[in-house]
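Everything on this sheet refers to the single structure shown next.
The values are calculated or read from the model by the stated rules, or taken from the named source; none is laboratory data. Since the structure is predicted, the reported quantities are computational estimates derived from the model, not experimental observations. Glycine gets a Cβ as well: all are built from the backbone with ideal geometry, and neighbour counts include every protein chain shown. For accessibility, only protein heavy atoms count, side chains too; no ligands or nucleic acids. Shrake-Rupley method; radii C 1.70, N 1.55, O 1.52, S 1.80 Å.
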Amino acid sequence: MKNVIDGINHWIGFIPEGFNRMTEKELNHRPMPHKWSKKEILGHLCDSALNNMNRFIRMQYEEHPYVIQPYNQDQWVLVQNYQERPLDEIVNLFCALNKQIIHIITNTPNDRLSNLCDIGNNQLKSLEWLIKDYLEHMEHHINNQILIKK
């Protein structure tokens, strides 16, 4: 889990500086009408943190396999209107949520990392897998959508 914690800490340090270097135009540009802007993608990462935080906690004490409840990502971004929110609010939320996720991971007993969840279609994955996937998901959006110059 050290690699995951180090990875999340890296992005907590990078995101405020990286986003503050972008212009308002870069932050708000939607590549297509139905695609998210960089600001909305960061908001989506906050939503991902909220949903996964819940999963990381519940998988430690609920009946196994814990059944992952999906959420409508587009609706979460739309309803929260990240496009119109001040950037510093979204950045601060991203950092605070991910600091809490690090706290949860740090305090997860090793024997609970093997607890199973059903991620859909009867695919069983461990809590350890889910935590690693959380960082991979974050890095996918940051590296392939946010850091791309448009």
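Does at least one position in the range 71-82 carry a residue that is open to solvent by less than 80 Å² (accessible area, probe 1.4 Å) and in a loop (DSSP other than H, G, I, E, B)? Yes. Among residues of the range 96-124 being closer than 19 Å to ILE142 by Cα and either in contact with a Phe, Trp or Tyr (Cβ under 9 Å, 6 or more places away or on another chain) or of a type in the set (Gly, Ala, Ser) (or both), the one that is most open to solvent (accessible area, probe 1.4 Å) is ALA96. For the range 31-51, residues that are without any contact (Cβ under 8 Å) to a residue 40 or more places away in the chain and more than 15 Å from the chain's Cα centre (by Cα) total 4. Is at least one residue of the range 30-44 closer than 30 Å to ASN115 by Cβ, in a helix (DSSP H, G or I), open to solvent by 30 Å² or more (accessible area, probe 1.4 Å) and modelled with pLDDT of 95 or more? Checked the range 30-44: no residue is closer than 30 Å to ASN115 by Cβ, in a helix (DSSP H, G or I), open to solvent by 30 Å² or more (accessible area, probe 1.4 Å) and modelled with pLDDT of 95 or more. Within the range 52-66, residues that are touching a residue at least 40 places away in the same chain (Cβ under 8 Å) and in a loop (DSSP other than H, G, I, E, B) reach partners that are surrounded by fewer than 17 Cβ atoms within 10 Å (Cβ to Cβ) and among the acidic types (Asp, Glu) with beta carbons closer than 6 Å, at six or more positions or on different chains, in the pairs PRO65/ASP118.
Close Cβ contacts (under 8 Å, 6 or more residues apart or on different chains) running from residues in the range 71-87 that are touching a residue at least 24 places away in the same chain (Cβ under 8 Å) to residues that are of a type in the set (Val, Ile, Thr) comprise TYR82/ILE90. Considering only residues that are part of a loop (DSSP other than H, G, I, E, B) and closer than 15 Å to HIS64 by Cα, which ones fall in the range 104-132? Passing the criteria: LEU113, SER114, ASN115, ILE119, GLY120, ASN122, GLN123. A single entry from ASP111, ASP74, ASP88 fulfils the requirement of being farther than 30 Å from ASN122 by Cβ and of a type in the set (Asp, Glu): ASP88.
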